[in-house]
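The values are calculated or read from the model by the stated rules, or taken from the named source; none is laboratory data. Because the structure is a prediction, the values reported are computed rather than measured. In this analysis, Cβ positions are derived from the backbone assuming ideal geometry, glycine residues included, and neighbour counts consider all displayed protein chains. Keep in mind that these areas ignore ligands, DNA and RNA; they rest on the heavy atoms of the full protein, side chains included. Shrake-Rupley method; radii C 1.70, N 1.55, O 1.52, S 1.80 Å.
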Amino acid sequence: MLSDTKLRAINGKPYTGKPELSDRDGLGVRVSPAGIISWQYRYRYNGKPARLRLGRYPDLSVKAARDLVPALRLDVEQGKDPRQTYGKKSLHIVTIEDCVSEFLRLRESVLRPKTHKKYQAVFGKHYIPAFKGRDVNSIEYSEWLEFFDEKAAISPKNAASTLTNGKTLFSWCKRRQIIPDNPLADMRISDVGKNSDVGTRTLSINECRIVWANLDKTRSYPGVIAAIKLCMIWGCRQGEILNATRDHFDLDEMIWTVPASLSKTGKPIRRPITPYHLEILTEMWEMFGTGGLLLPSVKDTPHPISLSALRRSKNKIIEMKSMTPFNLHDLRRTIVTRLSELDVMPHVTEKMLGHELSGIMAVYNKHDWLEDQRKAYTLWCEKVIPSPL
């Protein structure tokens, strides 16, 4: 038999005892190593053992948990599965659809459009169909494990990413008191999959020269060639340049400002424009005009060039020159690594990449070292761009 005294002694403290403790009539608790106590009801349905997660202690007291048992037992006796009926006797049922709807509605003003769309796709493709109509509180931990195991069997990295997004959703819903508990709080990525590999590839200066010299030979769309060249000599993210418009470039001050809406950090990024960058920008404006995107997919269209078009062009060079494969994102790692070898200071290269500085500098130092960036970019362009004969 369990008591409040016993559970209070365990709750919130490091725990090494039995993971499951029984009370009576199928009622019991599951205790995590961190001392998180969750009530569960064990029963048999269709001849198979099953369990239902009821909520956390002390949110659900010993008496309140015991009071739930008679109704749950009656459901079993009547051939009903408590996992389907628990919570539906209450007027307040919270489904995953409800959680997602509130999360996207209330977070829309602070989420970047791309992030909002990503969450919408992940939850709509994976979570909602798997548990459609179910009360979040009635979904057992074992069901979550089975859900993620199925994802991991196809792609461990996808399973890990799906779990991370789910933890974000349910943590927010708990903080907003939409649900009493985060059902994925105790689950780790290592339980269901693995994180994406961290890239390590950096190109040598000679490899960068080879890429630059052979881009025109790919016979790719001019905007694609320009996008890759600008990524190489600015170290910017692909989305920043593909979605850039004429008004982002101040040719009086010779500064490119990536607006907060296109920045991964949610803050504007300022980079200097050197003559090397200006030459490519001018060529694109002469080709496509200055009224919209710098690099439209087709002239006079509002749509930017696709990332896949850039990858295809890059892969042609890898095949043509038998290069070690690389991703376009590796160009960012390349520019900061090679400039560090040329004695450019870390705070300058961090600003070139559009990163937030760490520690106390992030709080008090808002300087972006534009002139130091300009010198570094000029040095880099001189190294990468072949001199005219």
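Tally time: how many residues in the range 44-58 are open to solvent by 20 Å² or more (accessible area, probe 1.4 Å) and either more than 31 Å from the chain's Cα centre (by Cα) or among the polar types (S, T, N, Q) (or both)?
Residues of the range 44-58 that are open to solvent by 20 Å² or more (accessible area, probe 1.4 Å), as a first pass: 44-49, 51, 53, 56, 58.
Applying the additional criterion that residues be either more than 31 Å from the chain's Cα centre (by Cα) or among the polar types (S, T, N, Q) (or both) yields 44-49, 51, 58.
Total meeting the criteria: 8.
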statement: Going through (1) of a type in the set (Val, Ile, Thr); (2) modelled with pLDDT under 95; (3) within 26 Å of His116 (Cβ to Cβ) one by one, Val298 fails only at (3)
query: Mind checking which residues of the range 17-74 are part of a strand (DSSP E or B) and basic (Lys, Arg)?
result: Arg30, Arg42, Arg44, Lys48, Arg51, Arg53, Arg56
field: Condition met for Gly12 (in a loop (DSSP other than H, G, I, E, B), open to solvent by less than 90 Å² (accessible area, probe 1.4 Å) and without any contact (Cβ under 8 Å) to a residue 40 or more places away in the chain)
entry: yes
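For every residue, the table says whether it meets (1) aliphatic (A, V, I, L, M); (2) within 14 Å of Gly166 (Cβ to Cβ); (3) at pLDDT below 80; (4) open to solvent by 30 Å² or more (accessible area, probe 1.4 Å).
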site	(1), (2), (3), (4)
His92	no, no, yes, yes
Asp98	no, no, no, yes
Glu108	no, no, no, yes
Pro113	no, no, no, yes
Lys117	no, no, no, yes
Val122	yes, yes, no, no
Ile128	yes, yes, no, yes
- prompt: Between residues in the range 243-271 that are more than 18 Å from Thr378 (Cα to Cα) and residues that are β-branched (Val, Ile, Thr) and open to solvent by 70 Å² or more (accessible area, probe 1.4 Å), which pairs lie under 8 Å by C-beta distance while being six or more apart or on different chains?
  reply: Arg246/Thr290
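Of the residues that sit in the range 274-301 and are assigned to a loop (DSSP other than H, G, I, E, B) and out of contact with any strand residue (DSSP E or B) (no Cβ under 7 Å at 6 or more places or on another chain), which one is nearest to Ile233 (Cα to Cα)?
Keep residues of the range 274-301 that are assigned to a loop (DSSP other than H, G, I, E, B), which gives 274, 289-292, 294-295, 297-301.
Retained after the next criterion (residues that are out of contact with any strand residue (DSSP E or B) (no Cβ under 7 Å at 6 or more places or on another chain)): 274, 289-291, 298-301.
On the way: Thr274: 10, Gly289: 23, Thr290: 22, Gly291: 24, Val298: 24, Lys299: 24, Asp300: 26, Thr301: 26 Å.
Per the stated criteria, the residue is Thr274.
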- prompt: Does Gly28 meet the test of being in contact with a Ser or Thr (Cβ under 8 Å, 6 or more places away or on another chain) and among the small types (Gly, Ala, Ser)?
  reply: yes
query: Quick check: is even one residue across the range 238-257 open to solvent by less than 50 Å² (accessible area, probe 1.4 Å), charged (D, E, K, R) and more than 18 Å from Asn315 (Cα to Cα)?
result: yes
query: Can you name the residue in the range 135-187 that is in a helix (DSSP H, G or I), more than 23 Å from Gly55 (Cβ to Cβ) and hydroxyl-bearing (Ser, Thr, Tyr) and is also least open to solvent (accessible area, probe 1.4 Å) among such residues?
result: Thr162
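If I ask for residues that are among the hydrophobic types (A, V, I, L, M, F, W, C) and more than 22 Å from Leu184 (Cα to Cα), which ones from the range 3-38 would you list?
If the condition is that a residue be among the hydrophobic types (A, V, I, L, M, F, W, C) and more than 22 Å from Leu184 (Cα to Cα), then Ala9 is the only one that fits.
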query: If a residue has to be closer than 12 Å to Leu281 by Cα and open to solvent by less than 10 Å² (accessible area, probe 1.4 Å) to count, how many in the range 214-233 make the cut?
result: 4
